[in-house]
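Okay, structure first, notes after.
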Amino acid sequence: MTRHRTKGPFQDRKRRYLEELLACRGVEEDLALRSRFGFMAFHGGSLEPETDAIAAEAAKKSEASFYAVRQPPNLRWHIPSSLFRADESPKLRAFFERVDVVVTVHGFRRTAFPRHVMLGGRNRALAAHLAKALRPTLPDAVVVDDLSKIPKPIRGVHPDNPVNVPRLSGVQVELSPMVRTEPLTLIDALARAARTFVAG
């Protein structure tokens, strides 16, 4: 198992991290262009398990566009979201050219938040819309759409974060392991929210 972390003062803004990741053996990049609403999971595969499957199924059910990067079992390289750049991937660039608004699906693990779904990102209207869809569907989960109650590292408000690149930005959905273990109702709620969201 190869593990990498790219963080803090070790970030090199001139380095092409996504390009390096995509060149690693076993890494897969997936793209499906459909509607102007998009789902992403660029920490998929072994890094944040089930996130790519959840995003893919929600996109399929809602006829939304979809982009994912999946890491193989022998690799876990966490590249911060703000270092995923469209000029390093034709597929990512095509995705951003297609969508107006996006939901990025991530996984997180913190003992203080064992049953939580955190809704970050800059599109707060979409965050509220998602929260309204998720709360009745996931009664055992704690759905948080108040940015002040989301830990700063996973708020998803950095302007270079892919969730904020589309014209209307989007929502960074952070899922605790408990929520990811039984994803069917979660997928249905995400798809329903995507179909019914009216962009302002």
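Derivation of every value follows stated rules applied to the coordinates shown; laboratory data play no part. As the structure is a prediction and not an experimental result, all values here were calculated from the model. Quick reminder, even Gly has a Cβ in these numbers, built from the backbone with ideal geometry, and neighbours come from all protein chains shown.
If you go through segment 130-156, how many residues are closer than 25 Å to P80 by Cβ, touching a helix residue (DSSP H, G or I) at 6+ places or on another chain (Cβ under 7 Å), part of a loop (DSSP other than H, G, I, E, B) and not small (G, A, S)?
Residues in segment 130-156 being closer than 25 Å to P80 by Cβ, touching a helix residue (DSSP H, G or I) at 6+ places or on another chain (Cβ under 7 Å), part of a loop (DSSP other than H, G, I, E, B) and not small (G, A, S): 2 in total.
Which residues, taken from segment 175-192, are part of a loop (DSSP other than H, G, I, E, B) and either more than 16 Å from D52 (Cβ to Cβ) or free of Cβ contacts under 8 Å to residues at least 40 places away in the same chain (or both)?
S176, E182 - these are the residues of segment 175-192 that are part of a loop (DSSP other than H, G, I, E, B) and either more than 16 Å from D52 (Cβ to Cβ) or free of Cβ contacts under 8 Å to residues at least 40 places away in the same chain (or both).
Got at least one residue in segment 54-62 being out of contact with any Asp or Glu (no Cβ under 9 Å at 6 or more places or on another chain), crowded, with 19+ Cβ neighbours inside 10 Å and of a type in the set (V, I, T)?
Yes, the conditions are met somewhere in segment 54-62.
Could you please tell me which pairs satisfy a Cβ distance under 6 Å, a separation of 6+ or placement on different chains, a first residue in segment 75-89 that is in contact (Cβ under 8 Å) with a residue 40 or more places away in the chain and at negative phi, and a second residue that is small (G, A, S) and not in a helix (DSSP H, G or I)?
As it stands, the answer is R76/S46, since those pairs meet every condition given.
Does segment 91-107 contain any residue that is touching a Lys or Arg at 6+ places or on another chain (Cβ under 6 Å), part of a loop (DSSP other than H, G, I, E, B) and surrounded by 17 or more Cβ atoms within 10 Å (Cβ to Cβ)?
Looking for residues that are touching a Lys or Arg at 6+ places or on another chain (Cβ under 6 Å), part of a loop (DSSP other than H, G, I, E, B) and surrounded by 17 or more Cβ atoms within 10 Å (Cβ to Cβ), one finds at least one in segment 91-107, hence yes.
Name, by its number, the condition in (1) free of Cβ contacts under 8 Å to residues at least 40 places away in the same chain; (2) among the charged types (D, E, K, R); (3) in a helix (DSSP H, G or I) that does not hold for R195.
The single condition R195 does not satisfy is (1).
Which pairs do you get when a residue that is of a type in the set (G, A, S), found in segment 50-71, comes within reach of a residue that is buried (at least 24 other Cβ atoms within 10 Å of the Cβ) and part of a helix (DSSP H, G or I), reach meaning Cβ atoms under 6 angstrom, with the pair 6+ apart or on two chains?
Note: pairs meeting the criteria are A58/L190; S62/A194; A64/A194; A68/D52.
Taking only segment 111-129 into account, find how many residues are among the charged types (D, E, K, R), within 24 Å of A68 (Cα to Cα) and either without any contact (Cβ under 8 Å) to a residue 12 or more places away in the chain or part of a loop (DSSP other than H, G, I, E, B) (or both).
Qualifying residue count for the region: 1.
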